[in-house]
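The values are calculated or read from the model by the stated rules, or taken from the named source; none is laboratory data. Predicted model only: the values in this text are computed from it and were never measured. Quick reminder, even Gly has a Cβ in these numbers, built from the backbone with ideal geometry, and neighbours come from all protein chains shown.
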Amino acid sequence: MTTIDQPKGMPERLKPDSIKILGVPVHLVTTAGAVELVSHFMDEPGLHQIATVNPEFVMKAQEDSAFMAILQQAELCIADGVGLLIAGRWQGRPIPERVAGSDLVYLLAEQAALQGWRLFLLGAAPGVAEEAAGRLEELYTGLTIAGTYAGSPDPAENEEIVELINTSQAELLYVAYGAPGQDKWIARNRQQLPTVRVAMGIGGSLDFISGRAARAPSWLQRLGLEWLYRLFKEPRRWRRMLALPRFVFRIVREGSS
């Protein structure tokens with residue numbers, strides 16, 4: 001059965017409806033709606049966490065209670081996977097559209113340039129964040145990159161990274177450590193980043209922005225086959241893709257029970 005949930009700790013006007021897919025909340029927002037919500041988050045105290053949920057996230061959360069709790073507490077869980085749209089229809093509560101994290105990173109950077117938000121890029125391989133920063137600055141005149149750093153989600157590096165971000169006075173933070181590491185890093189440091197208003201785990205988006213990796217052609221994205229393109233380009237991902245048939249099986253089984 002579909003359950004409707006809303007994130008806690010926010011003003012009522014900032015609480016988008018959501019459905020739960022195998023216990024993981026997915027908010028019923030469009031891409032434009034997500035951008036608007038972030039603008040509101042920027043005016044509110046505290047750090048607001050965005051998770052780019054896809055079927056792989058959902059299946060990882062079934063085995064990782066800490067990750068599940070983080071997703072359930074995030075202020076915004078976008079539907080970054082066609083499988084979630086199918087699950088929503090199966091449950092009888094359609095999700096408006098796929099909100100791709102790889103698109104949202106550009107849209108929020110554009111808003112950062114317009115609104116004067118300071119953006120920090122954290123994660124990816126050494127040098128990638130710097131290259132991505134340069135590309136974003138070329139795209140969006142007036143964008144302030146507060147800082148860049150590779151680092152890792154290892155707790156041993158936590159204090160140094162937090163100090164870098166706080167010194168930068170960043171308000172918008174992209175964390176590219178892959179799931180669930182990036183999401184756990186954000187959750188662990190929610191109370192230690194007083195200037196950050198929005199933090200989003202962005203997976204491999206810095207590689208895309210920098211040009212070190214290429215996204216699927218737009219026609220494949222429209223068909224919901226971006227995952228297949230990534231598998232073709234990165235065959236080592238095949239083990240991760242096993243989550244997809246497991247996800248479908250669970251959705252069908254629970255929908256029939």
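Brief remarks follow.
- Residue check, ALA170 free of Cβ contacts under 8 Å to residues at least 60 places away in the same chain, part of a helix (DSSP H, G or I) and among the small types (Gly, Ala, Ser): no
This table checks each residue for (1) touching a Lys or Arg at 6+ places or on another chain (Cβ under 8 Å); (2) under 26 Å from ASP17 (Cβ atoms); (3) at pLDDT below 95.
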residue	(1), (2), (3)
LEU37	no, yes, no
LEU47	yes, yes, no
VAL58	no, yes, no
PRO96	no, yes, no
GLU130	no, no, no
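- No other residue among GLU131, GLU75, GLU56, GLU138 is farther than 23 Å from LYS184 by Cα and touching a residue at least 60 places away in the same chain (Cβ under 8 Å) apart from GLU131.
- Single match in LYS20, LYS15 (criterion: of a type outside the set (Val, Ile, Thr), over 17 Å from LEU104 (Cβ atoms) and either crowded, with 23+ Cβ neighbours inside 10 Å or at pLDDT 95 or above (or both)): LYS20
- For the criterion of being among the basic types (Lys, Arg) and out of contact with any strand residue (DSSP E or B) (no Cβ under 8 Å at 6 or more places or on another chain), ARG135 passes.
- Residues satisfying the stated conditions in the stretch 32-61, i.e. crowded, with 17+ Cβ neighbours inside 10 Å and either polar (S, T, N, Q) or on the phi > 0 side of the Ramachandran plot (or both): GLN49, THR52, ASN54
- Some residue of the stretch 60-70 being at pLDDT 95 or above and either farther than 21 Å from ALA243 by Cα or assigned to a loop (DSSP other than H, G, I, E, B) (or both): yes
- Subset of the stretch 182-237 (residues that are aromatic (Phe, Trp, Tyr), surrounded by 13 or more Cβ atoms within 10 Å (Cβ to Cβ) and at pLDDT below 95): PHE208, TRP227, TYR229
- Every residue from the stretch 90-143 that is part of a loop (DSSP other than H, G, I, E, B), among the polar types (S, T, N, Q) and within 21 Å of ALA213 (Cβ to Cβ): none
- Hey, LEU76 modelled with pLDDT of 95 or more, under 26 Å from TYR140 (Cβ atoms) and surrounded by fewer than 21 Cβ atoms within 10 Å (Cβ to Cβ) or not: no
- Consider the stretch 89-102 and keep the residues that are surrounded by fewer than 18 Cβ atoms within 10 Å (Cβ to Cβ) and out of contact with any Leu (no Cβ under 8 Å at 6 or more places or on another chain). The one that is nearest to ASP207 (Cα to Cα) is ARG89.
- Considering residues of the stretch 24-41 that are in a helix (DSSP H, G or I) and out of contact with any Leu (no Cβ under 8 Å at 6 or more places or on another chain) only, the residue nearest to VAL196 (Cα to Cα): SER39
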